[in-house]
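The structure appears below as structure tokens.
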């Protein structure tokens, strides 16, 4: 990466950026919510567009001098609409959580009942966690997964009939199965509720055609742009024209001020990349790699929630081993693999310790890993869990992971 200008002004920061690039280069990245943006996306995020204030919508700004900015933002909007087949897209949310907040602000009133997936079962903080705004200001009814790690749609229907929510949220931060958006829409319609689909984790899979789309079923579709979509860190909201004006107003002036137009430019680049035929190949490989990793772990007698995956994410269940997610995530970092501790359904451990480790295949797929590489990754992980106190063995595993990193240079 070109750090010339940073080096000339702030050599200390430049050294840290180079240090982080080295870490990413020499690490197998399995954090499911992370990916490697292209050089073009990174370059777009660092343009002079960062200099411009542009409160309001394109062509209806509160600042002068937005003629070019309007074109940039509309480029992102039109590409996102084409990519997902949406009638209306707002590309201004700074994050996925703020995209969700905007929907809440538009569709709900304080104290309304909302149904969302429980955080410990794979939901997201902004789907009703008591420590988040969503759980603080709204009445939350949570649904989870069954013993097979799957959403029980009959149970969701029962809870909806019982609680009569104003809005139902589908989508997750840690769910390894295909989500039935049509079924969720039927449940929402049966109780007169809005349906919000948060596809932050699977947006790239939806765009690539390897996961069904919620567009056309959900009243609101929210997403980040930096996970499987492989763009900059940010969020978007999609909806029908019926809700367009209300959603736009909820974003600004509802919850945000000036949009980050340099990041919106980077989103535009990412959407263009995702519209290319090769992105479909990438999305297909994400799923192939995830399945190969899951099978490798199962072959090594490592338990996985739901016994596999249908998308990019899976969770190792360490309950039977007596080891914690926190400890094993730290062990994996020692052998050159980054992952995050995560709760498993009915987890006996606290959310700060957990009994699980979440893994995702999007970043390593960007890097070039194929199925045979994921099989080796699975063997390294399984061995690390077994020999976690043996420093010599861990060093050998680190050498194996480094070989994979060397095989697929980053940038």
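Each reported figure results from applying straightforward, stated rules to the coordinates on display, with no laboratory input. Given the structure is predicted, the values throughout are model-derived calculations rather than measurements. Please note: Cβ atoms are built from the backbone with ideal geometry, for glycine as well, and neighbour counts cover all protein chains shown.
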Seminar exercise, completed: Contour minus Cα-Cα span, residue 87 to residue 3, at 0.36 nm per residue, comes to 26.3 nm
Seminar exercise, completed: Row for region 199-288, column shape: gyration tensor on C-alpha, a ≥ b ≥ c, rounded if a/c < 1.5 i.e. under 1.5, prolate if a/b over b/c, else oblate; value oblate
For this session: Please find, in a Gaussian network model of the chain (springs between Cα atoms separated by less than 10 Å), the residue of 144, 192, 234 whose mean-square fluctuation is greatest.
Result: 192
For this session: Give me the distance between the Cα centres of region 232-269 and region 271-343, rounded to whole Å.
Result: 31
Problem set entry | Average silhouette area of the chain, convex hull of alpha-carbon atoms, in square nanometres | 19.9
Exercise. Gaussian network model of the chain, Cα springs within a sub-10 Å range: biggest mean-square fluctuation belongs to which of 383, 176, 213?
Worked result: 383
Problem set entry | Pairwise FRET efficiency - residue 410 versus residue 182, Cβ, R0 = 30 Å, nearest 0.05 | 0.15
Exercise. Using alpha-carbon positions, what is the distance between the centroids of region 91-157 and region 175-229, in Å?
Worked result: 13
For this session: State the antiparallel share, in %, of DSSP beta bridges confined to region 43-274, rounding to the nearest 5.
Result: 40
Exercise. Taking 0.36 nm per residue of separation and subtracting the Cα-Cα distance, what length does fully extending residue 153 through residue 42 add?
Worked result: 35.9 nm
Problem set entry | residue 71/residue 280 FRET efficiency (R0 35 Å; Cβ-Cβ; nearest 0.05) | 0.80
For this session: Once you have a ≥ b ≥ c as the square roots of the Cα gyration tensor eigenvalues for region 66-151, tell me rounded if a/c is under 1.5, and otherwise prolate or oblate according to whether a/b is larger than b/c.
Result: prolate
Exercise. Of the beta bridges DSSP finds with both residues in region 44-163, what % are antiparallel, to the nearest 5?
Worked result: 40
For this session: Would you please give the FRET efficiency between residue 95 and residue 333, computed as 1/(1 + (r/R0)^6) with r the Cβ-Cβ distance and R0 = 25 Å, to the nearest 0.05?
Result: 0.50
Problem set entry | the chain, relative contact order in percent, only Cα pairs under 8 angstrom and at least six apart counted | 22
For this session: With runs of 4+ DSSP H residues as the only contributors, calculate the mean residue ellipticity of the chain at 222 nm using -39,500 (n - 2.57) per run, divided by the residue total and rounded to the nearest 500.
Result: -13500 deg cm²/dmol
Exercise. Of all DSSP beta bridges in the chain, what percent run antiparallel (nearest 5)?
Worked result: 55
Exercise. Cα centroid distance between region 20-90 and region 364-411, in Å?
Worked result: 33
For this session: Can you bin region 285-407 into rounded, prolate or oblate? Criterion: square roots of the alpha carbon gyration tensor eigenvalues sorted a ≥ b ≥ c, rounded for a/c under 1.5, prolate for a/b above b/c, oblate for the rest.
Result: oblate
Exercise. When the chain is fully extended, how far beyond the present Cα-Cα distance does residue 321 get from residue 13, taking 0.36 nm per residue of separation?
Worked result: 106.7 nm
Seminar exercise, completed: If one builds a Gaussian network model of the chain from Cα atoms under 10 Å apart, the most fluctuating residue listed among 104, 220, 133 is 133
